[in-house]
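First comes the structure, then the notes that go with it.
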Amino acid sequence: MAPSERIVLGGLGLGGRGMGDLRSFMDNPDVQFVATCDVRKERREAVRNMAASEYGNGACAMYADMHEILARPDIDAMLIATGDRWHTMASITAARAGKDVFCEKPCSMTIAESRALADTFRRYGRIYQAGTQRRSIGNFIFAAELAHTGKLGKLHTVHANTLAPATSHQWLPAEPQPPQDVVDWDQWLGPCPWRPYNSQYVRGGWRGFFDFHGGGILEWGAHTVDLCQWAAQKDDTTPVRYVPEGSGAICTYANGLKLVMRDHGWMGLGTCSARYEGDEGWIETGDSGKFAIHPESLRTEQTVFNRAGTDPTTHIRNFLDCVKTRQPANANSDVAARSHVACHAAYIAWQLG
C-alpha cells in the first residue's frame, strides 16, 4: 500500500477496551500503529508488545507524556481510551495538535466539556468519532431507519436503557505511591482534584467514584440516549425538560416527544437496549442483535444480525474512511456532545431530586 494511503495511528491510555479497539484498528491494512502513551509503565509495555506481535520489534515507541506523542508530525490520528476523566481534555489537546481522534465513551464529564469538545473539533477541522459503536451496527441501524421512514408512525416515546446513577464519595484508603516511572499519579488524576493514591483506581477500579466516573446514566446513556437522539432525528438538539423518576429520568423535547431513561432491561434483548414507540408501531433492540417488533409485518428477512453491539469493527472503519474523505463520522463531536448533554442534565435532575 502506498504510504499516502496509510493512516498512521497513535494510542493514549489503552487498557482492556482500548487494546480491543487497537486490535480492530490493526486489522485494517491501511492502518500503521506506531506509538503508545500511558502513565502506567505496565500498560505502555503491554501495548508495545501487542504491536510488536503484529509488526515486529521496534515498531511501537512508548511515551509517558501525552504532549510528546502528540508532537509527532507523522501521526495522523489518535485512539484515546483513558479513564473517563481524561477523555475531553485529551481529545481537545489532540485536535489542537492537528490529529483526528477516535475516543472511547463517554466523551465528557460535564455539560461544559461537551460543548468545548464540539467547539474545538469544529474550530480545528478535525475528524472525531465517539466510541458509541452501535450507530454503525446493523440491528441498531435497522431500528433507526424504521423510525426515520415513518413505519412506526409519529414517534411519541423513546426509551434508553441506563444504569443506576449513584456514585460514591467514600474514597479508598491511601497506599504508598509508586515511582513516577511506574505510575505517574499526578498525570493519572489529570483534571480531577487530588486524591491519595490507591492501586485499585489505576487497575480499572475507578468506576463508581464521583471524581472519576460520570455515573450510571452516562455509562450506558452515552450509547442508548445517543441511539434515541438518532432514531428521533434529534441530533441537533436535546430535551428541554428533565424530571427524575426512580433511578432515571423522563425527559421531554420541545415538540413533546418523551425520552425515558430508566434502569431496566424491558424484553431481555441484551445490554444497551433502546425502544422506539410510535402511534403505528414500535421496535426494541439491544446488544444481542435480536428484535421485538409490533406489528410483526415490520419484520423482514433482513432483521437477523450477528454482530454484537459491543463490536467496534464497522465503527472504526467508518472513522478511517472519514479520516480520508474528511466527511463527518457517524458519531461526530456535535452528535456526541448533544447526547452527552442530555445525560448530564438527567443526572443533575436525579441528584437534585
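The numbers here are math on the coordinates, done by the rules we state, and not lab data. If you're wondering where the values come from, they're calculated on a predicted model, not measured in any experiment. All Cβ positions, glycine included, derive from the backbone under ideal geometry; neighbour counts span all protein chains shown.
Against the 2.2 N^0.38 Å scaling, with N counting residues, where does the stretch 1-47 land? I'd like the Cα-based Rg ratio to two decimal places.
On the way: Rg = 11.4 Å, N = 47, 2.2 N^0.38 = 9.5 Å.
Ratio of Cα Rg to 2.2 N^0.38 Å: 1.20.
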Calculate how many DSSP beta bridges within the chain are antiparallel, expressed in % of all such bridges and rounded to the nearest 5. 45 percent
Just name one of V240, I316, G190: the one whose Cα is farthest towards the positive end of the charge dipole of the chain (beta-carbon charges, Lys/Arg +1, Asp/Glu -1). V240
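Give the peptides 321-330, 338-347 in descending order of average Cβ contacts within 10 Å, highest first.
Values: 321-330: 15.4, 338-347: 25.8.
The most tightly packed comes first, giving 338-347, 321-330.
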What do you get for the angle between helix 138-148 and the principal long axis of the chain? Use alpha-carbon atoms, 0 to 90 degrees, nearest ten. 40 degrees
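Considering only lysines 8 or more places apart in sequence, or on different chains, count the pairs in the chain whose C-alpha atoms sit under 16 Å apart. Working shown, then result.
Working: K99/K324; K154/K234; K154/K258; K234/K258.
For the chain, the number of qualifying lysine pairs is 4.
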GNM result for the chain, Cα springs below 10 Å: residue of G11, G256, G309 fluctuating most strongly: G256
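Place a +1 charge on the Cβ of each Lys and Arg in the chain and a -1 charge on the Cβ of each Asp and Glu, then give the dipole magnitude about the Cα centre in debye, rounded to the nearest 20.
On the way: 36 positive and 39 negative charges, 69 e Å.
Roughly 340 debye for the chain.
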Taking Cα atoms, the helix 216-231 axis meets the longest principal axis of the chain at an angle in degrees (rounded to 10) of 60 degrees
Label point 7 Å out from Q187 along Cα-to-Cβ: which residues of the stretch 80-118 have amide N under 14 Å? 82-83, 90
Out of T238, T310, T300, any idea which swings most in a Gaussian network model of the chain, alpha carbons joined below 10 Å? T300
Calculate, axis by axis, the spread of Cα positions in the chain along the three principal axes, and write the results as whole Å, longest axis first. 59, 52, 36
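Taking the beta-carbon count within 10 Å as an exposure proxy, list T120, T36, T82, T314 from fewest neighbours to most. All intermediate terms of the calculation are to be shown ahead of the outcome.
Working: T120 20, T36 28, T82 23, T314 17.
Exposure proxy ranking, most exposed first: T314, T120, T82, T36.
What length, rounded to one decimal in nm, is gained on full extension from R115 through to T252, with 0.36 nm per residue of separation minus their alpha-carbon distance? Write out the running numbers ahead of the final one.
On the way: separation 137, 0.36 × 137 = 49.32 nm, distance 2.06 nm.
So the chain would gain 47.3 nm between R115 and T252.
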Low-density loop trypsin sites (Lys or Arg not before Pro), the stretch 113-179, at most 13 other Cβ within 10 Å, DSSP non-H/G/I/E/B, are K154
Is the C-alpha gyration tensor of the stretch 91-185 telling us rounded, prolate or oblate? Criteria: a/c under 1.5 is rounded; beyond that, a/b larger than b/c is prolate, otherwise oblate. oblate
At 0.36 nm per residue, and after removing the present C-alpha to C-alpha distance, how many nm does the segment from Q177 to Y55 gain when stretched out fully? 40.4 nm
Compute the helix-to-body angle for 87-96: its Cα long axis versus the longest principal axis of the chain, expressed 0 to 90° and rounded to tens. 70 degrees
Which of N255, N198, N332 ends up with the largest GNM mean-square fluctuation for the chain, with Cα atoms connected below 10 Å? N255
Looking at the square roots a ≥ b ≥ c of the eigenvalues of the Cα gyration tensor of the stretch 211-353, which shape do they give, rounded for a/c under 1.5, prolate if a/b is larger than b/c, or oblate? oblate
